[in-house]
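Trainee: Input: one structure, supplied below.
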């Protein structure tokens, strides 16, 4: 067979290659070839095909590292395609000063205590009033430890939010009038006065000597929603206005006072996500069942990723002397599933190393200017230049020839993307996932 191939012309050889790949189209290259494995001016006999067989599947995303990230998320929403999405977070609160002495406890009156959390950007999902809960964490967690998105901590069953103040709607636009000033958009939760009294009763005690002692006594809080469909908000806990403020009166002096418990970069902060695909086409994905839906999903927050494999790619090695000039993975969004859910601005492609660990592809390491992966809002698609990965697969110098499409901001987002599978629209392949390779010999 090899001797026969050597005697064939380039055109005849390519025809055999096309048949082997089960290809449906072969065209002249685009005006700009793109990848620079070989200068365009040096190219001869350039050919393009975009009908490679692609095997793809939806996979449950592994838990991801979730501690001390830039943003914290809380809330939930019901996605009509993917089901229920829930986000919550754990955080320390810290003394703003050492050796705290509020005064004589029996002459102190708790007026109010408020948890303020500054929004960062718009909420995800449809917003509606939802019931919030703040719980006291009963288990130590540490800023120098590693935690993942599926981690739960023991907590009290007692909701610290003052009765009547549990229901609030996420409002990321409006400033809040306060005294003669205004406060930036925030979730402002009134906590129970008996919670404030706990701290006032500690006035002058060893618990309030420093933060090490305080964290032994009060380990932290969890914020979550008890509703089902109110949207997920992103919070900037490192904003100085994100804090717990205690308002109290010293009855001896009749003076109103405040004290802040800070949330800052010294606090351990951990995001937690839960997904329920029951009743959707993605049901069973948590048990690694392969869904039959034509959709391929990427869901941030350790929800979904898409596995992509090209079973006949190595047939390109049958054409001697060929050079891969460009290999473009094209991923059109499913228009019907877009809805009101903004797609992610950027996706990543990973592969696996010899130890089975997820690593960046050689093209991903070149950066977005090379690989792409940026959402094209005009064409409603993502495009990835994976020529180096393809070349390494053909050279058998890569540990794995499988790709994994993942979110670029999984730990701080619950956004999702739904892409057409390679077989979604047989009558309109331009709407399907496809690999377009430009090569020459």
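The values are calculated or read from the model by the stated rules, or taken from the named source; none is laboratory data. Because the structure is predicted, anything quoted here is derived from the model rather than measured. Cβ coordinates were reconstructed from backbone atoms using ideal geometry, including for glycine residues, and neighbour counts include every protein chain displayed.
Trainee: May I ask you to list the residues in region 248-258 that are surrounded by 12 or more Cβ atoms within 10 Å (Cβ to Cβ) and touching a helix residue (DSSP H, G or I) at 6+ places or on another chain (Cβ under 8 Å)?
Mentor: Answer for region 248-258, where residues must be surrounded by 12 or more Cβ atoms within 10 Å (Cβ to Cβ) and touching a helix residue (DSSP H, G or I) at 6+ places or on another chain (Cβ under 8 Å): 248, 250, 251.
Trainee: Could you run through region 373-395 and say how many residues are touching a residue at least 40 places away in the same chain (Cβ under 8 Å) and not in a loop (DSSP other than H, G, I, E, B)?
Mentor: Result for region 373-395: 12.
Trainee: Let me ask something else about it. How many residues does region 119-147 hold that are on the phi < 0 side of the Ramachandran plot and either in contact with a helix residue (DSSP H, G or I) (Cβ under 8 Å, 6 or more places away or on another chain) or surrounded by fewer than 17 Cβ atoms within 10 Å (Cβ to Cβ) (or both)?
Mentor: Counting residues in region 119-147 that are on the phi < 0 side of the Ramachandran plot and either in contact with a helix residue (DSSP H, G or I) (Cβ under 8 Å, 6 or more places away or on another chain) or surrounded by fewer than 17 Cβ atoms within 10 Å (Cβ to Cβ) (or both) gives 13.
Trainee: Could you tell me which of the residues 77, 90, 124 is within 24 Å of residue 300 (Cα to Cα) and at pLDDT 95 or above?
Mentor: Of 77, 90, 124, the one residue that is within 24 Å of residue 300 (Cα to Cα) and at pLDDT 95 or above is 90.
Trainee: While we're looking at this one, here's another question. Taking residue 312 as meeting all but one of (1) out of contact with any helix residue (DSSP H, G or I) (no Cβ under 7 Å at 6 or more places or on another chain); (2) farther than 18 Å from residue 404 by Cβ, write down the number of the exception.
Mentor: (1)
Trainee: Identify the single condition in (1) buried (at least 21 other Cβ atoms within 10 Å of the Cβ); (2) closer than 21 Å to residue 167 by Cα that residue 271 does not satisfy, given that it satisfies every other one.
Mentor: (2)
Trainee: Among 237, 215, which is under 31 Å from the mean Cα position of the chain (by Cα), assigned by TED's automatic domain parsing to the domain that holds residue 138 and assigned to a loop (DSSP other than H, G, I, E, B)?
Mentor: 237
Trainee: Looking at region 35-62, which of the residues that are assigned to a loop (DSSP other than H, G, I, E, B), out of contact with any helix residue (DSSP H, G or I) (no Cβ under 8 Å at 6 or more places or on another chain) and surrounded by fewer than 15 Cβ atoms within 10 Å (Cβ to Cβ) is modelled with the highest pLDDT?
Mentor: The extreme case among them is 62.
Trainee: Scan region 358-366 and tell me whether some residue there is without any contact (Cβ under 8 Å) to a residue 24 or more places away in the chain and over 18 Å from the mean Cα position of the chain (by Cα).
Mentor: Within region 358-366, one or more residues are without any contact (Cβ under 8 Å) to a residue 24 or more places away in the chain and over 18 Å from the mean Cα position of the chain (by Cα).
Trainee: Can you confirm whether region 305-319 contains a residue that is closer than 25 Å to residue 97 by Cβ and either at pLDDT below 95 or in a strand (DSSP E or B) (or both)? Give the steps one after another, and end with the answer.
Mentor: Within region 305-319, the first condition is being closer than 25 Å to residue 97 by Cβ, and the residues that meet it are none.
Looking for residues that are closer than 25 Å to residue 97 by Cβ and either at pLDDT below 95 or in a strand (DSSP E or B) (or both), one finds none in region 305-319, hence no.
Trainee: Which residues, counting only those in region 159-194, are closer than 24 Å to residue 211 by Cβ and either touching a helix residue (DSSP H, G or I) at 6+ places or on another chain (Cβ under 9 Å) or not assigned by TED's automatic domain parsing to the domain that holds residue 88 (or both)?
Mentor: Selection gives 160 alone.
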